[in-house]
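The values are calculated or read from the model by the stated rules, or taken from the named source; none is laboratory data. Computed from a predicted model, the values in this text were never measured in an experiment. Backbone-built Cβ (ideal geometry, glycine too); neighbour counts: all protein chains shown. For the accessible areas, the whole protein counts, side chains as well, though only heavy atoms, and no ligand, DNA or RNA atoms are used. Shrake-Rupley method; radii C 1.70, N 1.55, O 1.52, S 1.80 Å.
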Amino acid sequence: MITILGGTYKLTQQQLSAIVSRVTSGKKLIVVSNREPAMHVRGAEGIRMVRPASGMVTAIEPFLKAVGGTWVAHGSGSADRLVVDAHDRVGVPPESPRYTLRRVWLTRKEESGYYYGLSNTSLWPLCHIVYKRPHFSRADWDTYRGVNERFRDAVLEEAGDGPAIVFIQDYHFALLPRLLKTARPDLQVIQFWHIPWPNREAFRIFPWGEELLDGMLGNDLLGFHLQYHCNNFLDTVDRAIEARVDYEHFRVYRGGRPTYVRPFPISVDYLQIGEDVSTAEVEQRRSLFLQELELETGGPKLMVGADRIDYTKGIPERLRAFDLLLTRHPEFRTKVMLVQLAAPSRTHVEEYRRLNEELDALVDDINWRHQTEQWTPIRFLRAHHDYYSVLAACRMANVLLVTSLHDGMNLVAKEFVSSRTDVDGVLLLSQYTGSARDLVDAVQVNPYDIDQMVEAMVKALTMPKAERRKRMSRMRAQVAKNTVYGWGDRIFQELEQTQARGDSP
Ligand code: F6P
């Protein structure tokens, strides 16, 4: 039965699965993304499976587990080739597969031009307004196009001759929708863009804008997190390419057929996180943290961050604010610790290497100036932290810090809220995240304003328990109302409507 919560549907896996089966009605469902949901890596103890740090994976995995299908992605784990079958496929999870992962192998040159190059030194800074200059290279663009063609071939193989719905994730595949439609006009193609879409002035500098937009207009349905990003996209199209933009119905006609553009704010598996947080795995990670940080229960209060090391996440900004907090408010010395879980990311890109150096120097300097024999103010844990470790850190946090300079959604904020079944803990949240639109009970900050950040930290650290509970229970109700299953439901309902209008094959 569907539970009505504040007028919105709260869906379970099974309910979503039923809805998607109705919409797909026998068609294959194929998800495409660059990052794979499960990487096989070689370690001392043999081959193990790792779930990468990715908001996109956090959201799409539960969705595909619920509805089943095939996930086509770049095989990037060191042992990936050892576990696939003759068609480069492997079931996930291996013990009782819920979906099939089809791996696509890229050469180092392809990975360099398409992933590190065009995707992450051109499109990533172009779409996130964080004052990092994007770099453009024609060779990278050619490689990007070539890799989009490789994924087209893999998807067509997976689709076979029958009908299929292809659900593409993210900015790595702007050209794929058009490539698929040209090869197979009967395929239904949806794309979800997990990062912001910039305003048309910012987009204008992209040298191959027309081809990129034409690629995206191969979609039947194109989703962004926010209405604001949809508006930006329509404005960009209106300005840059020959197409009819219908602002009233939020659709674009190019070559006689429409692409519907809609906001679908993404979320997490609220109920599952709430269950997982009390498992033995989380308890074990908590003990490991306590050991590693040499903490005892009742020790200093913890402010926790859990991010990929990315310049969009505002990590130096939060460290500088913490430094100023300790200088302006000496009463917090020895009483508070900042624990940063930091997953290395895109380290072949120069900006990311520089950020790592900057962070090392900052942590070293701040600790050197403030530490005592018993207390180190910042613990910077640079490693890939698995799902259970992130949940353990969320539960240990008195304050969770999300200080992104710009973020499409930021699912760590929603994971934190879902994990706090104890209805406690404070979320300090950048107003420049998509999550800030829903989580109005967080302590919201402008991460560019260091004084405001210090005040917000003081407020969060000294907030009375009754207020913490009030805010957390409202945020929990908010995330419970809009889980990742509701997100999937809205996308597939919308696709069903385009079918009903006869706009989609
Ligand atoms: O959501 C944006 C995104 O770029 C995803 O596509 C990606 O998986 C995640 O962030 C992490 O980045 P990466 O896959 O480059 O490590």
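Odds and ends about this structure:
- Residue in region 458-476 that is small (Gly, Ala, Ser), open to solvent by 10 Å² or more (accessible area, probe 1.4 Å) and either modelled with pLDDT of 95 or more or in contact with a Cys (Cβ under 7 Å, 6 or more places away or on another chain) (or both) present: yes
- For region 29-44, taking the residues that are within 12 Å of the ligand (Cβ to nearest atom), over 19 Å from GLU157 (Cβ atoms) and not charged (D, E, K, R), the one that is surrounded by the fewest Cβ atoms within 10 Å (Cβ to Cβ) is identified as MET39.
- Within region 365-384, no residue that is under 14 Å from GLY305 (Cβ atoms) sits with its Cβ atom under 8 Å from a residue that is surrounded by fewer than 16 Cβ atoms within 10 Å (Cβ to Cβ) and of a type in the set (A, V, I, L, M, F, W, C) at 6+ positions apart or across chains.
- Number of the exception - GLY215 against (1) within 29 Å of GLN431 (Cα to Cα); (2) away from the ligand (no atom under 16 Å from the Cβ); (3) in contact with a Lys or Arg (Cβ under 7 Å, 6 or more places away or on another chain): (1)
- Hits in region 61-72 - residues which are within 16 Å of the ligand (Cβ to nearest atom) and either in contact with a strand residue (DSSP E or B) (Cβ under 6 Å, 6 or more places away or on another chain) or farther than 24 Å from GLY408 by Cα (or both): LEU64, TRP71, VAL72
- The strands (runs of 3 or more DSSP E) found wholly in region 303-410 and carrying at least 3 residues that are surrounded by fewer than 21 Cβ atoms within 10 Å (Cβ to Cβ) occupy 378-382.
- Here HIS172 meets each of (1) within 16 Å of the ligand (Cβ to nearest atom); (2) under 24 Å from GLN493 (Cβ atoms) with one exception, condition (2).
- None of VAL92, VAL83 is of a type outside the set (Phe, Trp, Tyr), more than 15 Å from the ligand (Cβ to nearest atom), open to solvent by less than 20 Å² (accessible area, probe 1.4 Å) and touching a Pro at 6+ places or on another chain (Cβ under 9 Å) except VAL92.
- Test for ARG145: is it open to solvent by 30 Å² or more (accessible area, probe 1.4 Å) and under 20 Å from ARG35 (Cα atoms): yes
- Restricting region 396-420 to residues that are among the polar types (S, T, N, Q) and more than 20 Å from ALA59 (Cα to Cα), the residue that is nearest to the ligand (Cβ to nearest atom): THR403
- The listed residues are ALA202, ALA154, and the only one of them that is part of a helix (DSSP H, G or I), away from the ligand (no atom under 16 Å from the Cβ), among the hydrophobic types (A, V, I, L, M, F, W, C) and within 23 Å of ALA59 (Cβ to Cβ) turns out to be ALA154.
- In the set THR297, THR236, THR259, only one residue is open to solvent by 10 Å² or more (accessible area, probe 1.4 Å), among the hydroxyl-bearing types (Ser, Thr, Tyr) and more than 16 Å from the ligand (Cβ to nearest atom); that residue is THR297.
- Residue in region 45-52 that is more than 16 Å from the ligand (Cβ to nearest atom), out of contact with any strand residue (DSSP E or B) (no Cβ under 8 Å at 6 or more places or on another chain), part of a loop (DSSP other than H, G, I, E, B) and modelled with pLDDT under 95 present: yes
- Residue tally, condition assigned to a loop (DSSP other than H, G, I, E, B) and either open to solvent by less than 20 Å² (accessible area, probe 1.4 Å) or within 13 Å of the ligand (Cβ to nearest atom) (or both), over region 109-132: 2
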